Number of protein chains: 2
Amino acid sequence: MSSIRDVAQKAKVSVATVSRYLNDPEKVAKKSAYAVEQAIRQLNYKPNLLARNFFKSRSYSILVLVPNIANPFFSRVIRGIEDIGQQKGYAVLLGDTRFSLEREAEYFHRVETRQAEGVIQLSPNFPGDISAYTPSTPFVNACECLHEAPYPTVNIDNTDAAKTVTNYLISIGHRRIGCLLGPDGPTMHSPITQDRLLGYQQALSDANIPLEEQYLIPGDFSLQSGRDATDLFLKCSPRPTAIFCMNDEMAFGLVQGLKSQGLRVPEDMSVAGFDDIEFAQYCDPALTTISQPAEDLGRTAMRTLINILEGGADAVQRHVLPTQLIVRDSTAAPVT
Amino acid sequence: MSSIRDVAQKAKVSVATVSRYLNDPEKVAKKSAYAVEQAIRQLNYKPNLLARNFFKSRSYSILVLVPNIANPFFSRVIRGIEDIGQQKGYAVLLGDTRFSLEREAEYFHRVETRQAEGVIQLSPNFPGDISAYTPSTPFVNACECLHEAPYPTVNIDNTDAAKTVTNYLISIGHRRIGCLLGPDGPTMHSPITQDRLLGYQQALSDANIPLEEQYLIPGDFSLQSGRDATDLFLKCSPRPTAIFCMNDEMAFGLVQGLKSQGLRVPEDMSVAGFDDIEFAQYCDPALTTISQPAEDLGRTAMRTLINILEGGADAVQRHVLPTQLIVRDSTAAPVT
DNA sequence: TTCAGCACTGTAACCGGTTACAGTTAGGCT
DNA sequence: AGCCTAACTGTAACCGGTTACAGTGCTGAA
């Protein structure tokens, strides 16, 4: 493997000239540039970025912490992150934490040892010692964020979106509206669930519909938990006429469950989801849902992080990206 | 940020002793070890891996080239890669090529510049100059592989799996079996499509069923292309009684299309898929399909790559992992 | 007392880039 | 001719680890 010194020797110039040619060809005379170019070609020289990065004390890599890369929503977010990374010359290191704080800590260690310059976290926590956090810490939290978080966040307005979809159900005539929750409890805190629940409650409250505790069924964002919720909703008395599910997978499972019980969607029960995953429009019936700008969340998070890294961040930024209610065929006015 | 020299000074030992303590504490006297330990703690010293990796000329990173990270099958494969990487101390750099050879080349450049030590490619091509390939080149091809590839591959037996599912359809009484193909043509060559088509053909041939060209409909692995294929299959004369789709998404789209035309699955048409994505068992009806060991493909690919990197590879390995036919409710004997 | 041998330690070179600083050269002006 | 400046170039230090090699000090046997 040839080094910059080999090139310098072959081109009969100094290493400094070669280095300058590599970094800014304008800085060297045409004649030198030509000689260096020839030497590089002949030796098939490739600069050793391990050496460059070491000297500059920069890795040009960022770490993405994701609870589950196999979740299509997260992989779309990562696609956005990766897209900006590629544009700006940053590599994306993947850290699939599998919901384990231990794994998270192991990955975070890469930042301390300078293998990564910053972190984008897709779970709602800071992976290190939060008391050490300052606005110049290269950390951005996306997708699942605490409201009171002291670091930059990139998110949607979950409360507003949930309120929008609930309002829509009310506007077409529903009064008994169930809600299939995301995971939330002592073992796993989810601001998403909290925020969407708040939006649902606000919509009911604004319409003077009392909240019925029996209409709140816990889930865990999986297809299975949607199916499992079917019987619990059908046991309610009086039975709800519409159900807002906190993600599309659960809505999907619920629709299957309802159909297997002989109920029709939306005639016997309206169902709405959240996320607008690709399968939502191929569901039978096509799913009414909230569309999230997944890739854009990733892109915005990455831009925010790079901005911090390159010293352009003057304040902790909080981005809120717009969502959209997508009305399809799984919701309709209740049969009176 | 403190360096090893600061630690040495504080512990009143030399940098060599500190370095030895970090790499193998057995090598230093207990007294020195204690002093170094204290100094490291007091200074909150973290070794700079940029420096270490530079000296060792190793990055402990590998690059994964994936055509589309948002595809849940690929993200499961990456999960497997990442799992072994974490275990063995290798970071995973993500390269979402978006089917662009240009992007692929940009990413591959990271290997030449030593930012990554090896590549796992999930598309069926070598991203560099294949004439430079030797068995010690740290490159592994997984998921989509050419049979004649000169480099290590990790794959399933697509032909055998397709033959198995087609045989199954024949065994329950079907004679007119359609096939919804994956992408293949002048612009995009897919060994997967070729291999699965071959298996389908072999099964028909073994059963003395002549191949009907009209039963072969092209698709592109998307939900939409499954739905679009519906009319083309229904136009066939005589109409097939079963359709083997080369992935689950297309099967999903096709089932929706058939149902929207008033046909019942499996009574009026059996449908089988390929991959066994999570949605397959929540489809209505639950989808008969071939289960692929996605994470295991990733794990095997990563183990193979690390083996090459660590000098343990004596020959180009070709791994073929097992698949399984999963019979669910979307297939049944034809109504005679 | 001498010395072999072991356990441990320190000095300094090294990895391959970057860059501060000093030096050289060419060309234009008086 | 003499001088100034701009444009370019080369030398060598530097980044923070690792490690070859040359000690040093101690123990115990001859």
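No value in this document is a laboratory result; all are computed from the given coordinates. Here the structure is a predicted model, which is why all the values come from computation and not from measurement. Please note: Cβ atoms are built from the backbone with ideal geometry, for glycine as well, and neighbour counts cover all protein chains shown.
Computed quantities for the displayed model
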{"read-out": "Other protein chain Cβ atoms within 10 Å, averaged over every residue that makes up B:57-67", "value": "2"}
{"read-out": "Computed helical MRE - 222 nm, chain B, DSSP H runs ≥ 4 contributing -39500 (n - 2.57), nearest 500", "value": "-13000 deg cm²/dmol"}
{"read-out": "Approximate shape of the stretch A:144-187 as ellipsoid semi-axes (Cα gyration tensor, √5λ), whole Å, largest first", "value": "27, 15, 6"}
{"read-out": "For the stretch B:66-154: relative contact order, % (alpha-carbon pairs under 8 angstrom, 6 or more apart)", "value": "23"}
{"read-out": "q = 0.07 Å⁻¹, chain A: log10 I(q)/I(0) [Debye, one scatterer per Cα]", "value": "-0.41"}
{"read-out": "Principal axes of the stretch B:255-297: Cα extent on each, largest first, Å", "value": "40, 14, 12"}
{"read-out": "Spread of Cα-to-Cα distances over 5 Å intervals beginning at zero, given as percent, for the stretch B:6-101", "value": "3, 12, 16, 14, 11, 11, 9, 7, 7, 6, 3, 0"}
{"read-out": "Mean Cβ count within 10 Å, highest first, over the residues of peptides A:257-267, A:322-332", "value": "A:322-332, A:257-267"}
{"read-out": "DSSP bridge pairs, the protein assembly as shown: antiparallel proportion in percent, nearest 5", "value": "10"}
{"read-out": "Nearest-20 debye value, chain A charge dipole, Cβ charges on Lys, Arg, Asp, Glu", "value": "1880"}
{"read-out": "Zero-based 10 Å bins, Cα pair distances in the stretch B:216-288, whole percents", "value": "22, 61, 16, 0"}
{"read-out": "Cα convex hull of the stretch B:104-179, projected area averaged across orientations, nm²", "value": "6.6"}
{"read-out": "Hydrodynamic radius of the protein assembly as shown per Kirkwood, over alpha carbon pairs, in Å", "value": "27.8"}
{"read-out": "Per-residue mean of C-beta atoms belonging to partner chains within 10 Å, peptide B:46-56", "value": "6"}
{"read-out": "Amide hydrogen neighbours beyond the local backbone of A:Ala91, cut-off 5 Å, H modeled", "value": "A:Ser61, A:Ile62"}
{"read-out": "When each of A:Lys56/B:Lys30; B:Lys12/B:Lys56; B:Lys163/B:Lys235; A:Lys56/B:Lys56; A:Lys30/A:Lys56; B:Lys27/B:Lys88 is checked by Cα-Cα distance, pairs over 29 Å", "value": "A:Lys56/B:Lys30"}
{"read-out": "Placed amide H near B:Ile290: partners under 5 Å, 5+ positions off or other chain", "value": "B:Gly273, B:Phe274, B:Asp275, B:Asp276, B:Ile326"}
{"read-out": "Alpha-carbon Debye profile of the stretch B:252-336, log10 I(q)/I(0) at 0.15 Å⁻¹", "value": "-0.64"}
{"read-out": "Against the rule of thumb 2.2 N^0.38 Å, how large the Cα Rg of the stretch A:92-141 comes out", "value": "1.05"}
{"read-out": "Peptides A:3-9, B:294-300 ordered by average Cβ neighbours within 10 Å, highest first", "value": "B:294-300, A:3-9"}
{"read-out": "Highest-first arrangement of B:62-75, A:303-316, where packing means the average Cβ count within 10 Å", "value": "B:62-75, A:303-316"}
{"read-out": "Magnitude of the charge dipole, the protein assembly as shown, Cβ model with Lys/Arg +1 and Asp/Glu -1, debye to 20", "value": "2900"}
{"read-out": "Per-residue average of Cβ from other chains inside 10 Å of B:70-81", "value": "5"}
{"read-out": "Cβ charges +1 (Lys, Arg) and -1 (Asp, Glu), total dipole of the stretch B:183-336, debye", "value": "180"}
{"read-out": "Position B:Lys30, label points 7 Å along Cα→Cβ, spacing to each other copy in nm (shortest first, one decimal)", "value": "7.4"}
{"read-out": "Convex hull (Cα only) mean projected area of the stretch A:188-313, reported in nm² to one decimal", "value": "9.9"}
{"read-out": "In Hz, Karplus ³J(HN,Hα) per residue of the stretch B:70-86 (6.51, -1.76, 1.60; θ = phi - 60°; x = Gly, Pro)", "value": "6, 6, x, 5, 5, 5, 5, 4, 4, 4, x, 4, 5, 4, 5, x, 4"}
{"read-out": "Other copies of A:Lys46: label-to-label distances in nm, shortest first, labels 7 Å along the beta-carbon direction", "value": "2.9"}
{"read-out": "Positive dipole terminus of chain A, leading residue within A:Gln194, A:Tyr282, A:His319 (C-beta point charges)", "value": "A:His319"}
{"read-out": "Taking the C-alpha atoms of the stretch A:23-66, convex hull volume expressed per residue in Å³", "value": "110"}
{"read-out": "Per residue Cα convex hull volume in Å³ - calculated over the stretch A:151-221", "value": "101"}
{"read-out": "Antiparallel bridges, percent of DSSP beta bridges restricted to chain A (to nearest 5)", "value": "10"}
{"read-out": "Computed Rg/Rh of the stretch A:118-256, alpha carbon atoms with Kirkwood Rh", "value": "1.05"}
{"read-out": "Tensor-based shape of the stretch B:184-232 (alpha-carbon gyration tensor, a/c under 1.5 rounded, otherwise prolate or oblate)", "value": "oblate"}
